[in-house]
Amino acid sequence: MKTRIILLLTIVLLAACQTPVKKTAEQTAPLYLKKVYYDGQSDDLLTAGLSLKQLRAATGPDISDTPTAAELRRAAYYHQFKALNDVTEAGGFGRLYGFDDDTEAVAGTEYWHQRSVADNAYHTVVVQIPDHFNRRNPCLLVAPSSGSRHVLGSVATTGSWGLMNQCAVVYTDKGTGTQMVIDGEQVYAIDGTLVDADNPLAEATRLPETNGLQVIQKQPFSGVHPEQYWGEFVLDATRYGLAVLKAEVAAELNKNKVTVMAASISNGGGAVIRAAELDNEQLIDAVVAAEPQLNLDYRYQINKRGDNQVIKTLSLIELGTLLGVYEPCAALHPSLNTAPFKANTALIQPWLMQRCLVLQTSGLLPTDATDLPAAARDKLLQSGITKEALAMAQINTLSHMWASIGHTYINSYLQTEPQDKLCGVAFSGMSQMGQARALTETEIRTMFAKGNGIAPSNGIEVAGLDENGTPDKRLMMHPNFGFAAQQCFYNKARSQAMQPAIAAIQVDGDLDQIPTVILHGTADGTVAINHASRAYFAKNQSSDEPNQNLRLYEIQNVQHFDAFLAFPGFNAQFVPMHPYLEQALDMMWEHLNNGEDLAPSQYITTEPRLLTDGDITPLTENNIPAINHQTTQAIKADNNILEYLIHD
């Protein structure tokens, strides 16, 4: 492998690397902590040297007992692609979108650094400059990670688009990631390896001490509420990307010469919008955000085909804890019997009915209600959750997703300590039989490769605590499907102590006139469209100075996780978001470079794949019609009313 690695030591460089450390004019600190060149043969920037066949394989690349940074990076690429996309040929990847077997590897250089925007508010940034970087029309794609993922959490979504379009890419983990506390003298490095604490690559975020079986991760327990800085992290990554281009490519490359697009999905999508709202330096030229996690304080009305609905927005944590309380009961409703993974809930049906009963005895469902699943479902619909989104109730319940989000976000927002053991919940290693255990050495050493910064992942699950405050078993195995913990999270999310933390992450809907595309699936069961994208679009367009370049594209039959489409049930009911994300990026690029108009805001009708004789048909262009410049299903907003203009 023609790979060069430069590690900065506190006093000297490794003697084998004869390249001097470069510094920008604005700073005295080193420009990078690590620099690696990938030749495009044995390894590259686009897929870490993996072929499409290898990305589709059932198992990832081999990892040694003491993994190298290169092994962890390659395995991380594999798991990012599999976790964020349906990479199957039948699902259209490599045929209708993404890249195919003939796509050339992307040779180039990668720069790793660690920066802060406030005390203990560190983020890892990685800049990739491809050898085919377009110097005549230079561009920088800023790609914060989605979810709670580490710095490579967008290599499989917007980062790949940037590289294939000859852009440099800068990634940020936005203060999240797979760092956790481990026993012994070693700590995690920013590239996932285990190093001594004084190593220059060691994670700088200070975490509390170990606490028995409890897994202590970065997002919930850094003590700084990193989400409040997501916009700043994106802007800081942008500055860093521009500084690397200036120092390593050409001195004239600055914010006035480089086209900067900030683009990501989910939490990363929310982060790029928040960065755009804060961008007083005019660093960002355009934004593309898919299924963005946005928190607003706003009331508006939806008018659609004569059906009017008033929405009072709730934050993600308020909605998530509401779903955590009611969704396990609602999952028993007959309308959800055909939802994906319904059969997988067969063994926990009695537990779900226990949840229904305790909701009633606790006064959270009417005492005279005879159909408790229907009453729980109505609670969710009345809160502004769409009917389509409830199709995700079975998988959300099985994974205990809302308990995982409650533990991660509420601990982060309230800046608690692990010993507080908030709501009797912890993350822990877990046996197949649901008993808490310590993580294995292999799981610890491969966390960067296989983890996602939250649970469930790489052996980590949501555990309840016994009477001694020790993780004992899966939370769902606790009485009433873990009701006491979920009710506690629900109350914490609405407490007075929580209000400043929620206020710190709210967006105001002011984008100036930055060209911005927001995409969202109407079946999103994680980030509720009514409380996020629809609300944001309506608020901006109803303001005194609406952004004339803001577009909202709603896609029917799209849920939050494209990776689920590789599984039976999901592939027959839903279509992917990724091809629409690529279209939006292409459209925005044409808008910035050639003045092409952005297609009007619209609702896009899709067609799920057919199930014929037990086999699912391959995805075709008919299933995913393109964003239309001459749409007959326009969306408009004014005077706090979101209106759907349907023309037959």
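So the values come out like this:
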| read-out | value |
| --- | --- |
| Exclusive hit being closer than 22 Å to LEU294 by Cβ, under 23 Å from the mean Cα position of the chain (by Cα), at pLDDT 95 or above and not in a helix (DSSP H, G or I), set LEU322, LEU314 | LEU314 |
| Top-ranked residue of region 487-512 - restricted to ones that are touching a Leu at 6+ places or on another chain (Cβ under 9 Å) and polar (S, T, N, Q), ranked as least open to solvent (accessible area, probe 1.4 Å) | SER495 |
| Residue in region 598-615 that is among the aromatic types (Phe, Trp, Tyr), out of contact with any Lys or Arg (no Cβ under 8 Å at 6 or more places or on another chain) and open to solvent by 10 Å² or more (accessible area, probe 1.4 Å) present | yes |
| Test result for GLY175, modelled with pLDDT of 95 or more, within 18 Å of LEU581 (Cβ to Cβ) and open to solvent by less than 10 Å² (accessible area, probe 1.4 Å) | no |
| Qualifying residue in region 436-446 (condition: open to solvent by 10 Å² or more (accessible area, probe 1.4 Å) and of a type in the set (Gly, Ala, Ser)) | yes |
| Residues being touching a residue at least 60 places away in the same chain (Cβ under 8 Å), assigned to a loop (DSSP other than H, G, I, E, B) and surrounded by fewer than 23 Cβ atoms within 10 Å (Cβ to Cβ) - total across region 270-284 | 1 |
| Number of positions in region 346-373 that are among the acidic types (Asp, Glu) and surrounded by fewer than 13 Cβ atoms within 10 Å (Cβ to Cβ) | 1 |
| Matching residues, region 174-197, being in contact (Cβ under 8 Å) with a residue 60 or more places away in the chain, touching a Ser or Thr at 6+ places or on another chain (Cβ under 9 Å) and either of a type in the set (S, T, N, Q) or under 18 Å from GLN114 (Cα atoms) (or both) | LYS174, THR176, GLY177, THR178, TYR188, ILE190, ASP191, GLY192, THR193, LEU194 |
| Residue identified as out of contact with any strand residue (DSSP E or B) (no Cβ under 6 Å at 6 or more places or on another chain) and open to solvent by 10 Å² or more (accessible area, probe 1.4 Å) among ASN295, ASN267, ASN256, ASN303 | ASN256 |
| Meets criteria (in contact with a helix residue (DSSP H, G or I) (Cβ under 8 Å, 6 or more places away or on another chain) and either aromatic (Phe, Trp, Tyr) or open to solvent by less than 10 Å² (accessible area, probe 1.4 Å) (or both)) for GLY92 | yes |
| Qualifying residue in region 192-210 (condition: part of a helix (DSSP H, G or I), open to solvent by 20 Å² or more (accessible area, probe 1.4 Å) and closer than 22 Å to LEU152 by Cβ) | no |
| Unique match (being part of a loop (DSSP other than H, G, I, E, B) and open to solvent by 10 Å² or more (accessible area, probe 1.4 Å)) among ASP236, ASP183 | ASP183 |
| Condition met for ALA247 (surrounded by fewer than 19 Cβ atoms within 10 Å (Cβ to Cβ), modelled with pLDDT of 95 or more, of a type outside the set (S, T, N, Q) and part of a helix (DSSP H, G or I)) | yes |
| Residue check, ALA484 open to solvent by less than 10 Å² (accessible area, probe 1.4 Å), in contact (Cβ under 8 Å) with a residue 60 or more places away in the chain and of a type in the set (A, V, I, L, M) | no |
| Number of the condition not met by GLN219 [criteria: (1) open to solvent by less than 30 Å² (accessible area, probe 1.4 Å); (2) farther than 30 Å from THR470 by Cα; (3) part of a helix (DSSP H, G or I)] | (2) |
| Every residue from region 374-391 that is among the basic types (Lys, Arg) and either buried (at least 17 other Cβ atoms within 10 Å of the Cβ) or under 18 Å from GLU318 (Cβ atoms) (or both) | ARG377, LYS379 |
| Top-ranked residue of region 456-473 - restricted to ones that are charged (D, E, K, R) and part of a strand (DSSP E or B), ranked as most open to solvent (accessible area, probe 1.4 Å) | LYS473 |
| Candidate set from region 258-313 (those that are out of contact with any Cys (no Cβ under 7 Å at 6 or more places or on another chain) and hydroxyl-bearing (Ser, Thr, Tyr)); member that is nearest to LEU550 (Cα to Cα) | SER264 |
| Output for region 102-117, where each listed residue is over 22 Å from the mean Cα position of the chain (by Cα) and open to solvent by 30 Å² or more (accessible area, probe 1.4 Å) | ASP102, THR103, GLU104, ALA105 |
| Filter result for HIS629 (over 20 Å from THR522 (Cα atoms) and without any contact (Cβ under 8 Å) to a residue 60 or more places away in the chain) | yes |
| Tally of residues being without any contact (Cβ under 8 Å) to a residue 60 or more places away in the chain and open to solvent by 10 Å² or more (accessible area, probe 1.4 Å) across region 392-414 | 2 |
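For every residue, the table says whether it meets (1) in contact (Cβ under 8 Å) with a residue 40 or more places away in the chain; (2) among the hydroxyl-bearing types (Ser, Thr, Tyr); (3) within 19 Å of LEU235 (Cα to Cα).
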| residue | (1), (2), (3) |
| --- | --- |
| TYR298 | yes, yes, no |
| SER315 | yes, yes, no |
| GLU318 | yes, no, no |
| PRO334 | no, no, no |
| TRP351 | yes, no, no |
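The values are calculated or read from the model by the stated rules, or taken from the named source; none is laboratory data. Note that the coordinates shown come from a computational prediction; the quantities given were computed from them, not determined experimentally. We place every Cβ from the backbone using ideal geometry, glycine too, and count neighbours over all the protein chains shown. When the accessible area is computed, the model is the full protein with side chains, heavy atoms only, and any ligands, DNA or RNA have been set aside. Shrake-Rupley method; radii C 1.70, N 1.55, O 1.52, S 1.80 Å.
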